[in-house]
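Since the structure comes first, as structure tokens, the remarks are kept for the end.
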Amino acid sequence: MRAKMVSLFAVVVMMVSAAWAADMSALHPPAGSRMGLVVFEDLECPACAVADPTLVQAVRDYHIPLARHDFILPQHAWSREAHIMARYFDTQSPQLGEEFRQYIFANQKSIFKTNLRGFADRFAGQHHTALPAFYDPSGALRAKVEADTDLGKAMGVHQTPTIYVVSDSKEQPYVEVPDKNKLFQTIEQVKATLGPAPKVTKKK
């Protein structure tokens, strides 16, 4: 009986460890970068709108990439559609999608479910493009938004924004930043632990 219990415990530990590794796999910088930022956000979230300029400034000041993940809060009336629109603009260019998200955050207090489309059309016109009447005919963009939200839930994300400083450190690959006012301090601390970049050995 004891042997069976030990065996069952070992299986549970392995399953939890595997799930944890899979859940946190999004928390790494992109290839070629030693550090980066990852945020799970909701475009209708007031705290996200407040935090966004700080994230943008960190990207600019430290020259590090920012990976934005959709995390839809069910109480918000128009955020899901705004995220799908952002995904559409991503298909035109990643920079356009980034600018749309910043635009929505900047105008968030004036946006409602009934005028979201008008704001999106205005943004498209300002950038010499157009938002089609049916911008997600196959539902593929909605599926990506839902997949991001599911990923966040699997990682234990329960509020927005949830911000991480990520790095290529094997000891501590990510640090959550609960207070946006400590973002720059956290970046500096993570940066200090990385040391010099690894040398690239040239093939002869």
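The values are calculated or read from the model by the stated rules, or taken from the named source; none is laboratory data. Source: prediction; values computed, not measured. With ideal geometry, Cβ positions are generated from the backbone for all residues, glycine too; neighbour counts draw on all protein chains shown.
Is it the case, given these coordinates, that Asn107 is surrounded by fewer than 12 Cβ atoms within 10 Å (Cβ to Cβ), within 21 Å of Asp52 (Cα to Cα), modelled with pLDDT of 95 or more and not charged (D, E, K, R)? When the stated conditions are applied, Asn107 does not pass them. Taking the conditions exactly as written (within 30 Å of Tyr88 (Cα to Cα), surrounded by fewer than 18 Cβ atoms within 10 Å (Cβ to Cβ) and of a type in the set (A, V, I, L, M, F, W, C)), does Ala124 satisfy them or not? In short, no. Segment 88-172 holds helices (runs of 4 or more DSSP H) entirely within its bounds, and those carrying 1 or more residues that are β-branched (Val, Ile, Thr) map to 94-107, 140-155. In the set Thr114, Thr149, only one residue is loosely packed, with under 12 Cβ neighbours inside 10 Å and hydroxyl-bearing (Ser, Thr, Tyr); that residue is Thr114. One residue stands out in segment 85-104 among those that are under 18 Å from Val56 (Cα atoms), touching a residue at least 40 places away in the same chain (Cβ under 8 Å) and of a type in the set (A, V, I, L, M): the one that is surrounded by the fewest Cβ atoms within 10 Å (Cβ to Cβ), namely Ala86. I'd like the full set of residues that are under 22 Å from Glu146 (Cβ atoms) and either hydroxyl-bearing (Ser, Thr, Tyr) or touching a helix residue (DSSP H, G or I) at 6+ places or on another chain (Cβ under 6 Å) (or both), limited to segment 53-73. Of everything in segment 53-73, those that are under 22 Å from Glu146 (Cβ atoms) and either hydroxyl-bearing (Ser, Thr, Tyr) or touching a helix residue (DSSP H, G or I) at 6+ places or on another chain (Cβ under 6 Å) (or both) turn out to be Leu66, His69, Asp70, Phe71, Ile72. Only residues that are loosely packed, with under 15 Cβ neighbours inside 10 Å and assigned to a strand (DSSP E or B) were counted across segment 173-196, and they come to 1.
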